[in-house]
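Below you'll find the structure, written out as structure tokens, and then a few comments.
The values are calculated or read from the model by the stated rules, or taken from the named source; none is laboratory data. What you are looking at is a predicted structure, and each value in this text was computed from that prediction instead of being measured. Neighbour counts run over all protein chains shown; Cβ positions are idealised from the backbone, glycine included.
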């Protein structure tokens, strides 16, 4: 069958990568922070802050690029609060991360309220203009390759950025002294301190980087893949990122594989939800009687099962979640 | 030439160092001997820039230097290998060294680093693989990585802070020529220890500290071992006065039969404990020697019920223990755990509370179901006096006591009320000679009272001094020995897994 001229397989592959992109982007930052020993379960909140900041800044300035920049800055700013509380004041990272999530729900809702009011007062549209925000960008030539072309080379610019970032971080972690320091920060912070490396400063840097990544991932949701904001629009994707970092055993290839798996199942369930009404096959017809919430649940069930079976043998960084007092 | 001139340092009212002067020649191995608290560590911390002296100065090649921080020390060529290694177990040797002594952040120059490490290791005749992951090296090898780290950082003067405390006898035997070969390349080594025999084998010159004062400095061999010990202690050594019991042991108290333990969910790994046969009778000390990590901690854990056994039977006085949860077993045994600060004591609680942790439920210590404050204080005071625990008061949090006094408190609590079965693992770790002798005396006294004692200890000399029977733990197996018929060296070989049948 065909959807808008593409085969179902090509369509699904492209959707999979689209769904995986924000997870990869936020996951790279979270992975780096966790490698240095800081777990930020507030990633969901950081993404949400990125969503609203990106949307509002793009709406006001009329530029998608400004929106993305604002999302990154707001992500870092929110992460800076988290870093101050956990890395410098040595508060519990899980509690502080939960607080960031709750804070973000309120702060993003408030910002959305003010944005709507300001736009209406100025007699401007609340929704983004036609050309504000990003469109997918096909790379000439490469995007014409059957199947892989649309999947890998007809994506939003954040996907290309995420892949370049993934390669750079991998090189950094495994082939530079900085990488040795980053890995040692989560494994033996005392070794870093003995080498004259400030554990707190470095961890703060990693947390800020994770905030920037999460902010960008949030902007992807509100000004790239869709051009809309809705309260709580991240819908738990930040928590999925947390589990995917564990699923990937703190490795970048593992993380990306997990993101693609999750994105794939998510796209599949969305496609099933719509095609079951248009298809003529008996199986698809039968699926109509299943409530759509069941399909929405599927990716999370798969994520839980994968975590339960795979994460056992992987302890992660030794000092993950532990404050460094010195 | 490194010279320390008239250095003094006081902490609070305590004079940690009093007018100490010492000159160390380049390329020599200088031993610094002294009991815990004699001032060895303070002196070294001053050299390494961790502490500033109140008075006195340090000269390097005739020039006065101010060692403001470890950074400055490193720049001056002073390196220190701490007892607790500052290495990242997840990283390779190369990455660890790059982390510590590298300069740039972007390029690792792994190949160049690997070559430098390999060249240095070769010149010292050490087998160090730059690509191996540090967490997979044994303690002796990790120590060498630490030494290489200090040398690669430009170290010309190397301070080794009780390097043998973490090593097996065989690893100590390997460290000694390794340090000698360092000295031959012109490196000055300062070796801190409270073990006379090691200093004797390693050093050119020794300095003896006692209560912050330098009581002897001179070439090795000028004083006899007894003289040195006497100067360190101010009293003759007590280890020799201990001995195996003459009394014949009584009934079997603790018995392990065909006990196996496999970590849950890891069937593919070899078992932690493999077919353990062990019995401990009343009135005897059964010693278990072994290199750490061969299952000793697991053995205590399965007896105490912290880990489940996968097969076999553990009985106490003939009755099966397997149905008893570990908090119930804790009442059956006195246990001196390996990690006294983590498992044995609650550091933030007072000395009194720590002393009462086992017996707080006894009727004599409760009133209306609440704690009987005066009875607690009286009991704590009694134990403090009879076990000679030095403290500023019984209500002081136990974390402010020295390591030796913490251990005395732990032993006072566990041995109070004459427990019939005592489990002890490395009970003298980190203690000075006086406190060590005290702990060993308490164990032999408990045996005299008819207690069954299982002593797991990594210090072979102490183990052999007081055990009636000795077994060796290797790779989760318990191997019997014919001690005292066989010699120490044979047991040492068994600990390394060499010719287990020969002993």
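Pick out the one residue from B:114, B:184, B:180, B:122 that is surrounded by 15 or more Cβ atoms within 10 Å (Cβ to Cβ), more than 14 Å from chain A (Cβ to nearest Cβ) and over 19 Å from the mean Cα position of the chain (by Cα).
Working: B:114 fails: more than 14 Å from chain A (Cβ to nearest Cβ); B:184 fails: surrounded by 15 or more Cβ atoms within 10 Å (Cβ to Cβ); B:122 fails: surrounded by 15 or more Cβ atoms within 10 Å (Cβ to Cβ).
None of the other options fit; the residue is B:180.
Regarding the range B:388-400, can at least one residue be identified that is crowded, with 20+ Cβ neighbours inside 10 Å, within 18 Å of the chain's Cα centre (by Cα), modelled with pLDDT of 80 or more and closer than 19 Å to residue B:336 by Cα?
Within the range B:388-400, not a single residue is crowded, with 20+ Cβ neighbours inside 10 Å, within 18 Å of the chain's Cα centre (by Cα), modelled with pLDDT of 80 or more and closer than 19 Å to residue B:336 by Cα.
Mind listing just one residue for me: the one in the range A:310-326 that is at pLDDT 75 or above and over 22 Å from the mean Cα position of the chain (by Cα) and, of those, nearest to the other protein chains (Cβ to nearest Cβ)?
Of all residues in the range A:310-326, those at pLDDT 75 or above come to A:316-325.
Narrowing the set further to residues that are over 22 Å from the mean Cα position of the chain (by Cα) leaves A:318-319, A:322-325.
On the way: A:318: 7, A:319: 10, A:322: 15, A:323: 17, A:324: 14, A:325: 15 Å.
Top of the filtered list is A:318.
What is the one condition in (1) within 14 Å of chain B (Cβ to nearest Cβ); (2) buried (at least 24 other Cβ atoms within 10 Å of the Cβ) that residue A:255 does not satisfy?
Result: residue A:255 fails condition (1) only.
I'd like the full set of residues that are crowded, with 24+ Cβ neighbours inside 10 Å and not in a helix (DSSP H, G or I), limited to the range A:230-244.
Residue satisfying the conditions is A:234 alone.
Do the conditions hold for residue B:73, that is, is it surrounded by fewer than 18 Cβ atoms within 10 Å (Cβ to Cβ) and within 14 Å of chain A (Cβ to nearest Cβ)?
Working: surrounded by fewer than 18 Cβ atoms within 10 Å (Cβ to Cβ): no; within 14 Å of chain A (Cβ to nearest Cβ): yes.
So residue B:73 does not fit the description; no.
Please find, within the range B:420-434, the residue that is farthest from the chain's Cα centre (by Cα) out of those that are modelled with pLDDT under 90 and either farther than 15 Å from residue B:344 by Cβ or in the same structural domain as residue B:226 (by TED's automatic domain parsing) (or both).
Only one residue fits best here, namely B:434.
Are there any helices (runs of 4 or more DSSP H) wholly within the range A:162-229 with 1 or more residues that are at the interface with chain B (Cβ under 9 Å from one of its Cβ atoms), in contact with a helix residue (DSSP H, G or I) (Cβ under 7 Å, 6 or more places away or on another chain) and free of Cβ contacts under 8 Å to residues at least 60 places away in the same chain, and if so which?
Values: elements: A:177-187, A:189-194, A:199-219.
Answer list for the range A:162-229: A:177-187, A:189-194.
Is it true that residue B:154 is in contact with a helix residue (DSSP H, G or I) (Cβ under 9 Å, 6 or more places away or on another chain) and outside any helix (DSSP H, G or I)? Talk me through it step by step, then tell me what you get.
Working: in contact with a helix residue (DSSP H, G or I) (Cβ under 9 Å, 6 or more places away or on another chain): yes; outside any helix (DSSP H, G or I): yes.
Taking the combined requirement at face value, the residue satisfies it.
Across the range A:289-308, which residue is nearest to the chain's Cα centre (by Cα) among those that are surrounded by fewer than 11 Cβ atoms within 10 Å (Cβ to Cβ) and farther than 18 Å from residue A:257 by Cα?
Of the range A:289-308, the ones surrounded by fewer than 11 Cβ atoms within 10 Å (Cβ to Cβ) are A:289, A:291, A:293, A:305, A:308.
Checking which are farther than 18 Å from residue A:257 by Cα leaves us with A:289, A:291, A:293.
Numbers: A:289: 33, A:291: 27, A:293: 22 Å.
So the residue we want is A:293.
Do we have any residue at all in the range B:99-118 that's touching a residue at least 40 places away in the same chain (Cβ under 8 Å) and in contact with a strand residue (DSSP E or B) (Cβ under 9 Å, 6 or more places away or on another chain)? First the steps, then the outcome.
Here is the first cut: in the range B:99-118, the residues touching a residue at least 40 places away in the same chain (Cβ under 8 Å) are B:100-101.
Okay, now just the ones that are also in contact with a strand residue (DSSP E or B) (Cβ under 9 Å, 6 or more places away or on another chain), so none.
The answer is no, given that none of the residues of the range B:99-118 is touching a residue at least 40 places away in the same chain (Cβ under 8 Å) and in contact with a strand residue (DSSP E or B) (Cβ under 9 Å, 6 or more places away or on another chain).
Among (1) more than 9 Å from chain A (Cβ to nearest Cβ); (2) touching a helix residue (DSSP H, G or I) at 6+ places or on another chain (Cβ under 8 Å); (3) outside any strand (DSSP E or B), where does residue B:80 come up short?
The failed condition is (3).
Of the conditions (1) over 23 Å from residue A:199 (Cβ atoms); (2) at the interface with another protein chain (Cβ under 9 Å from one of its Cβ atoms), residue B:131 fails just one. Which one is it?
(2)
Could you grab me the full set of residues in the range A:193-220 that are modelled with pLDDT under 95 and more than 30 Å from residue B:82 (Cα to Cα)?
Matches in the range A:193-220: none.
Which pairs have Cβ atoms under 6 Å, sit 6 or more apart or on different chains, and link a residue in the range B:209-226 that is free of Cβ contacts under 8 Å to residues at least 60 places away in the same chain to one that is surrounded by 16 or more Cβ atoms within 10 Å (Cβ to Cβ)?
Correct list of pairs: B:215/B:208; B:215/B:231; B:216/B:208; B:216/B:231; B:219/B:205; B:225/B:196.
Looking only at the range B:429-462, count how many residues are in contact with a helix residue (DSSP H, G or I) (Cβ under 9 Å, 6 or more places away or on another chain) and in a helix (DSSP H, G or I).
Adding up the residues that qualify gives 18.
Here's the yes/no breakdown for (1) part of a helix (DSSP H, G or I); (2) under 19 Å from residue A:212 (Cα atoms); (3) over 19 Å from the mean Cα position of the chain (by Cα):
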{"position": "A:54", "(1), (2), (3)": "yes, yes, no"}
{"position": "A:68", "(1), (2), (3)": "yes, yes, no"}
{"position": "A:74", "(1), (2), (3)": "yes, yes, no"}
{"position": "A:86", "(1), (2), (3)": "yes, yes, yes"}
{"position": "A:91", "(1), (2), (3)": "no, no, yes"}
{"position": "A:112", "(1), (2), (3)": "yes, no, yes"}
{"position": "A:119", "(1), (2), (3)": "yes, no, yes"}
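Which condition does residue A:222 not pass, out of (1) within 12 Å of residue A:21 (Cα to Cα); (2) surrounded by 19 or more Cβ atoms within 10 Å (Cβ to Cβ), if it passes all the others?
Of (1) within 12 Å of residue A:21 (Cα to Cα); (2) surrounded by 19 or more Cβ atoms within 10 Å (Cβ to Cβ), only one is false for residue A:222: (1).
Looking for something crowded, with 18+ Cβ neighbours inside 10 Å and within 30 Å of residue B:484 (Cβ to Cβ) - is there at least one such residue anywhere in the range B:321-328? I'd like the intermediate steps shown before the answer.
Going through the range B:321-328, the residues crowded, with 18+ Cβ neighbours inside 10 Å turn out to be B:321.
Those still in the list that are within 30 Å of residue B:484 (Cβ to Cβ) too: none.
No: zero hits.
Filtering the range B:394-428 down to residues that are without any contact (Cβ under 8 Å) to a residue 40 or more places away in the chain and not in a helix (DSSP H, G or I), which residue is farthest from residue B:378 (Cα to Cα)? Lay out the reasoning, then the answer.
Of all residues in the range B:394-428, those without any contact (Cβ under 8 Å) to a residue 40 or more places away in the chain come to B:400, B:405, B:408, B:418, B:428.
With not in a helix (DSSP H, G or I) added as a condition, the list becomes B:418, B:428.
Working: B:418: 19, B:428: 27 Å.
Filtering first and then ranking leaves B:428.
Each row is one residue, and each column tells you yes or no for (1) farther than 19 Å from residue B:206 by Cβ; (2) surrounded by 19 or more Cβ atoms within 10 Å (Cβ to Cβ); (3) within 11 Å of another protein chain (Cβ to nearest Cβ).
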| position | (1), (2), (3) |
| --- | --- |
| B:26 | no, no, no |
| B:39 | no, yes, no |
| B:58 | yes, yes, no |
| B:64 | yes, no, no |
| B:91 | yes, yes, yes |
| B:99 | yes, yes, yes |
| B:103 | yes, no, yes |
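Determine which member of the set B:460, B:454, B:478, B:464 is crowded, with 23+ Cβ neighbours inside 10 Å and more than 20 Å from residue B:356 (Cα to Cα).
Details: B:460 fails: crowded, with 23+ Cβ neighbours inside 10 Å; B:478 fails: crowded, with 23+ Cβ neighbours inside 10 Å; B:464 fails: crowded, with 23+ Cβ neighbours inside 10 Å.
Going through B:460, B:454, B:478, B:464 in turn, the sole match is B:454.
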